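Chemist: Sharing a structure below in structure tokens format, with a few things to ask.
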Protein chains: 2
Amino acid sequence: MKILVIGTGHVGGAAVTALAERGHEVIQASRSSAHTVDATDPESIAQLFASVGTVDAVIAALGSAPFKPLAELGHDDFLAGLLKKTLPQIDIVQIGTPYVADGGSFTLTTGVLDREPIRTGAASSAANGALNAFTMAAAVELPRSIRINTVSPTVLVEATSYHPSFPGFTQVPAAAVGQAYVKAVEGVQTGQVYALDGP
Amino acid sequence: MKILVIGTGHVGGAAVTALAERGHEVIQASRSSAHTVDATDPESIAQLFASVGTVDAVIAALGSAPFKPLAELGHDDFLAGLLKKTLPQIDIVQIGTPYVADGGSFTLTTGVLDREPIRTGAASSAANGALNAFTMAAAVELPRSIRINTVSPTVLVEATSYHPSFPGFTQVPAAAVGQAYVKAVEGVQTGQVYALDGP
């Protein structure tokens, strides 16, 4: 399969590694990749798809939200999470659908804050929750048997900078996260959120 | 208790009726109430709380999102749902917290589209999903034993204009929805989403 992976962080990298090992042709896009994209800009997403052309699968593994104590999170902070994490991934689906082959798939990315709280995490939780519900809703309306799922990992073993914020949380290896994208791309399910809570 | 109910639709009205029957002092606010508020405007929310003063509970039962087929839902449509449903309810919590008495509560409102899809419902699903996750996250950080829960009803018996969009969905009477707000306000739980899927 020809697979476009948008986002080159730990999670996107895990997807790239796992999918390449399966023999797929993987195209990477990010702010700094050969295929550049600013996913907060719908026009930039449109240019990316016009450049890449038809693919069998699209993986969106990107987005950020402000981390601040609840009392310091203002309107603009919650909006920033929605504009920088939720809407970019939704826009990738909405703009990218015509470029996905019949029976292809989208796989989005959220995280453990959709189901477990940490201090300072409320804006991220909101952004993730929106994407999970969108996944369920979009699955029933996508055309041409195109599927959509979301991978929602707990903190990665390799993402050491996040570890202090997730005390005692079971960690999941990047390799296991990569396999969730393989399952989403090569599998048959749609509308699912794969919650990876570690071994 | 002194309870501020923001939103005067079927759901907000059900909350008002049930809470008044319990003997609480209920203050209603909406675009057209004596206490006027435009909940899409944080400044208007701030003015409302400054006008009402300290309360024991706040109920947010408001918000809208565009209903269109998935293929017609653009960036601005998803953003509208987040700006008109998600952020107003989050802003009510964030701006209203200093006005809620120790041990008081917030109760937000989502709906069945957070867990079951219908055609044209993807923007509403996303907006609801964000609020449900916010509820879980905010619960652990609110100060002074303030609680937060969300009531998520299926389509109401009385909301007949919605019935054609929810074929075969079990309907829930407004009176039962009202009781969910009583449970949220008088009860002990926090961080919960009360899914009302009908009898």
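The values are calculated or read from the model by the stated rules, or taken from the named source; none is laboratory data. This structure is a prediction, so every number in the text was calculated from the model and none was measured. Virtual Cβ from ideal backbone geometry, glycine too; neighbours counted across all protein chains shown.
Chemist: Name the one entry in B:Val26, B:Val58 that is in contact with a Gly (Cβ under 6 Å, 6 or more places away or on another chain) and in a strand (DSSP E or B).
Modeler: When all the criteria are applied, what remains is B:Val58.
Chemist: Just for the range B:112-141: of the residues that are facing chain A (nearest Cβ under 7 Å) and not in a helix (DSSP H, G or I), which one is farthest from A:Gln192 (Cα to Cα)?
Modeler: B:Glu141
Chemist: Moving to a separate point now. Applying the selection to the range B:62-94, what residues are of a type in the set (Asp, Glu) and in contact (Cβ under 8 Å) with a residue 24 or more places away in the chain?
Modeler: B:Asp77, B:Asp91
Chemist: I've got another one for you. What's the total number of residues in the range B:137-176 that are in contact with an Asp or Glu (Cβ under 8 Å, 6 or more places away or on another chain) and among the hydroxyl-bearing types (Ser, Thr, Tyr)?
Modeler: Residues meeting the conditions: 4.
Chemist: Here is a further query. Considering every residue within the range A:70-85, establish whether at least one is buried (at least 24 other Cβ atoms within 10 Å of the Cβ), under 18 Å from A:Gly7 (Cβ atoms) and either within 13 Å of the chain's Cα centre (by Cα) or away from chain B (no Cβ under 11 Å) (or both).
Modeler: Yes, the conditions are met somewhere in the range A:70-85.
Chemist: What number of residues within the range B:95-147 are under 21 Å from B:Thr8 (Cα atoms) and without any contact (Cβ under 8 Å) to a residue 40 or more places away in the chain?
Modeler: Number of matching residues: 1.
To keep it simple, each residue is scored yes or no on (1) over 24 Å from A:Ala20 (Cα atoms); (2) out of contact with any Gly (no Cβ under 6 Å at 6 or more places or on another chain); (3) surrounded by fewer than 24 Cβ atoms within 10 Å (Cβ to Cβ).
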residue: A:Ser125; (1), (2), (3): yes, yes, no
residue: A:Arg147; (1), (2), (3): no, yes, yes
residue: A:Thr154; (1), (2), (3): no, no, yes
residue: A:Thr190; (1), (2), (3): no, yes, yes
residue: A:Gly198; (1), (2), (3): no, yes, yes
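Chemist: Being small (Gly, Ala, Ser) and either loosely packed, with under 15 Cβ neighbours inside 10 Å or modelled with pLDDT under 95 (or both) is the filter here, so list the residues in the range B:31-63 that pass it.
Modeler: Those that are small (Gly, Ala, Ser) and either loosely packed, with under 15 Cβ neighbours inside 10 Å or modelled with pLDDT under 95 (or both): B:Ser32, B:Ser33, B:Ala34, B:Ala50, B:Ser51, B:Gly53.
Chemist: Filter the range A:36-50 for residues that are free of Cβ contacts under 8 Å to residues at least 12 places away in the same chain and part of a loop (DSSP other than H, G, I, E, B); which is nearest to A:Ser64 (Cα to Cα)?
Modeler: Filtering first and then ranking leaves A:Asp38.
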